[in-house]
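Okay, so here's the structure we're looking at.
The values are calculated or read from the model by the stated rules, or taken from the named source; none is laboratory data. None of these values were measured; they are calculated from a predicted model. When we count neighbours, we look across all protein chains shown, and the Cβ atoms used for this are built from the backbone with ideal geometry, even at glycine.
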Amino acid sequence: MTDAPLLLLEDVHSYYGTSHVLQGVSLTLRSGTIALVGRNGMGKTTLVKTIMGIVPPTQGKICLRGGDITGLKPYQIAALHVGYVPQGRDLFPSLSVKEHLILAARPGNGEGWSIERVFELFPLLGERARESAASLSGGEQQMLAIGRALVTNPSLLIMDEPSEGLAPVVIDMLIRTLQSLVESGISILIVEQNLRTATSLAEDLCVMVAGCIVDKVKGERLLHDQKIREQYLGVTIRA
């Protein structure tokens, strides 16, 4: 289906045990970037885990390029060129930088992402290729988590709180990197608490409240309208 969106969710529900977390989420991403924002505990991480097959949906439909991926295992979804940068990075402390990339690497079509290309994007990783992930700074660990996703050669990159815990100068570098990835043709679904990061990457922000996407808001409006920011996000969200 050539006119199908890259990612489509229709009335998706998910549970943690008996807790009904996602309550009918519908979402469409054709290309570019879409950002999910909302207070803590609203279901954002559950949503990306459901897309990745980590949390199985109990109802609804998830499609990738028109094909139904509902209920597939995470490794099957990753094999369809979906990259995932989880919250907290989930690196292996004892593995080296290069070993992380070797384990994740998959061939791409044409001029894809290789380990060498990741080192060109993140020279610090190249310099520390033989060092363990545990020895890296927070910013370097985030570079490695992104690089690990890139060597899977994704057409869709799903990122959960990539700027969490990073210094402002590292966040600026992260924003520039993600903007360059979008320009290269990779689409991004990003969960982000930092509004400056979210609005730098996506024109429209999808607001999650109590397991539902309740609104799509222009980033500039959310940045400058204190009332709507407090209504949807609370005062703890950094602008």
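Observations on the structure shown:
- Residue tally, condition among the basic types (Lys, Arg) and farther than 30 Å from ARG65 by Cα, over the range 113-158: 2
- Criterion (under 30 Å from ALA79 (Cβ atoms) and touching a Leu at 6+ places or on another chain (Cβ under 7 Å)) met by exactly one of ILE158, ILE228: ILE158
- Hits in the range 74-133 - residues which are more than 19 Å from LEU189 (Cα to Cα) and of a type in the set (S, T, N, Q): SER94, SER96, ASN109, SER114, SER132
- Counting only helices (runs of 4 or more DSSP H) wholly contained in the range 23-119, the ones carrying 1 or more residues that are more than 18 Å from the chain's Cα centre (by Cα) and aliphatic (A, V, I, L, M) occupy 97-104.
- Every condition in (1) farther than 17 Å from ILE146 by Cα; (2) in contact (Cβ under 8 Å) with a residue 60 or more places away in the chain; (3) surrounded by 15 or more Cβ atoms within 10 Å (Cβ to Cβ) is met by GLY83 except one, and the failing one is (1).
- Per the listing THR50, THR70, the residue uniquely farther than 26 Å from GLY165 by Cα, surrounded by 14 or more Cβ atoms within 10 Å (Cβ to Cβ), in the same structural domain as GLN231 (by TED's automatic domain parsing) and at pLDDT 95 or above is THR70.
- GLN76 meets all of the listed conditions (1) farther than 20 Å from ILE146 by Cβ; (2) of a type outside the set (Phe, Trp, Tyr); (3) in contact (Cβ under 8 Å) with a residue 40 or more places away in the chain but one, namely (3).
- Counted residues, the range 96-121 - those being without any contact (Cβ under 8 Å) to a residue 40 or more places away in the chain, under 22 Å from LEU166 (Cα atoms) and surrounded by 14 or more Cβ atoms within 10 Å (Cβ to Cβ): 3
- Restricted to the range 163-220, the set of strands (runs of 3 or more DSSP E) holding at least 2 residues that are modelled with pLDDT under 90 and either surrounded by 14 or more Cβ atoms within 10 Å (Cβ to Cβ) or not assigned by TED's automatic domain parsing to the domain that holds TRP113 (or both) comprises 212-218.
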